[in-house]
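S.K.: This is the structure I have questions about; it appears just below.
The values are calculated or read from the model by the stated rules, or taken from the named source; none is laboratory data. Bear in mind the structure is a predicted one, so any value in this text is a computation, not a measurement. Neighbour counts run over all protein chains shown; Cβ positions are idealised from the backbone, glycine included. SASA here: full protein model, heavy atoms, side chains in, ligands and nucleic acids out. Shrake-Rupley method; radii C 1.70, N 1.55, O 1.52, S 1.80 Å.
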Amino acid sequence: MALAQNAIRFEGVGQTFLTDTGPLAALSEVDLAIGQHEFVAVLGPSGCGKSTLLRLTSGLLAPTAGKVSVFGVPVTQPRDDVGIVFQQATLLPWANVTDNVLFPARHMRGTVGPQDRARAAEIIETVGLEGSENRLPGELSGGMQQRVGIARALFLNPDILLMDEPFSALDALTRDAMGFELLNLWQASPKTVLFITHSIPEAVLLADRVVVMSARPGRVLEDHKVPLGRPRDEDSLRSPQMQDFMAHLRQLLIRKEAA
């Protein structure tokens, strides 16, 4: 897939938080470029600043050093062309599936129209929730709730999708199924995806590139293109090439966790 331009760019990015016990450096000198419609997964030890990368890209946080840009424009505030999927679906418990998906439009404009409802219905069908439009979050399984969260993030058709360990709370079978669903969505409607995960198989199955972060303060330790083309399936992970690649990533992370 040809990459037209950089969708996301980190240039010398550092992030330090002020805490009760003093400054805490989360990121240091991060340099990273992500092409348009590229799927990049980020691995790293706990606390290395992976989620901070997403907050910086979304405009929810300003870097204390360096610059973050989206399509060449410095990020200074949240953007409508950036969607976010969190670890938990964070749905409105009193709102049904349709109203949760419509929330971005209601939040931005204060009202929703027929075109918004048609778009919501289309997205709900795309993520496999047709027939559940009127159900409340409490009536849905964890996997279905995450589907609603993904549908809400896709509602405004963002150019960039930020995903912060979106399947980590799911059981193994549901997690695998959601991974393949995400691949299908991405292939049908390509977007730039920055995907945070602790799962090596998940990263190499989904991504074009895998970025490995160092321990805090997080830096880009290694940046590898996944050595296998698309389409991929479960058998792809069993190839000797992919097994060697995953073993390298695993050893790298073990060394960093122990450091």
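S.K.: Hey, does the range 10-19 have a residue that's at positive phi and either of a type in the set (A, V, I, L, M) or in a strand (DSSP E or B) (or both)?
M.R.: yes
S.K.: Hey, another quick one. I need a count of the residues in the range 211-259 that are more than 14 Å from G44 (Cβ to Cβ), acidic (D, E) and either surrounded by 14 or more Cβ atoms within 10 Å (Cβ to Cβ) or modelled with pLDDT under 90 (or both).
M.R.: Residues that pass the stated criteria total 3.
S.K.: Could you please let me know if A2 is part of a loop (DSSP other than H, G, I, E, B), modelled with pLDDT under 95 and aliphatic (A, V, I, L, M)?
M.R.: yes
S.K.: With respect to the numbered conditions (1) open to solvent by 60 Å² or more (accessible area, probe 1.4 Å); (2) in contact with a strand residue (DSSP E or B) (Cβ under 8 Å, 6 or more places away or on another chain); (3) over 29 Å from Q146 (Cβ atoms), which one is the sole condition not fulfilled by F86?
M.R.: Condition (3) is where F86 drops out.
Results for (1) over 19 Å from A105 (Cα atoms); (2) of a type in the set (F, W, Y); (3) touching a Ser or Thr at 6+ places or on another chain (Cβ under 9 Å); (4) surrounded by fewer than 18 Cβ atoms within 10 Å (Cβ to Cβ), shown as yes or no for each residue.
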{"position": "V127", "(1), (2), (3), (4)": "no, no, no, no"}
{"position": "G149", "(1), (2), (3), (4)": "no, no, yes, no"}
{"position": "A169", "(1), (2), (3), (4)": "yes, no, no, yes"}
{"position": "T174", "(1), (2), (3), (4)": "yes, no, yes, yes"}
{"position": "S189", "(1), (2), (3), (4)": "yes, no, yes, yes"}
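S.K.: Further, regarding this structure: Report whether or not G47 is assigned to a loop (DSSP other than H, G, I, E, B), at positive phi and either among the small types (G, A, S) or out of contact with any strand residue (DSSP E or B) (no Cβ under 8 Å at 6 or more places or on another chain) (or both).
M.R.: Here the answer is yes, as G47 does meet what is asked.
S.K.: Something else about it: Please determine whether any residue of the range 38-51 is surrounded by 15 or more Cβ atoms within 10 Å (Cβ to Cβ) and over 19 Å from the mean Cα position of the chain (by Cα).
M.R.: no
S.K.: List the helices (runs of 4 or more DSSP H) inside the range 122-237, counting only whole elements, that have at least 2 residues being under 17 Å from G83 (Cβ atoms).
M.R.: The helices (runs of 4 or more DSSP H) meeting that bar are 142-154, 172-188.
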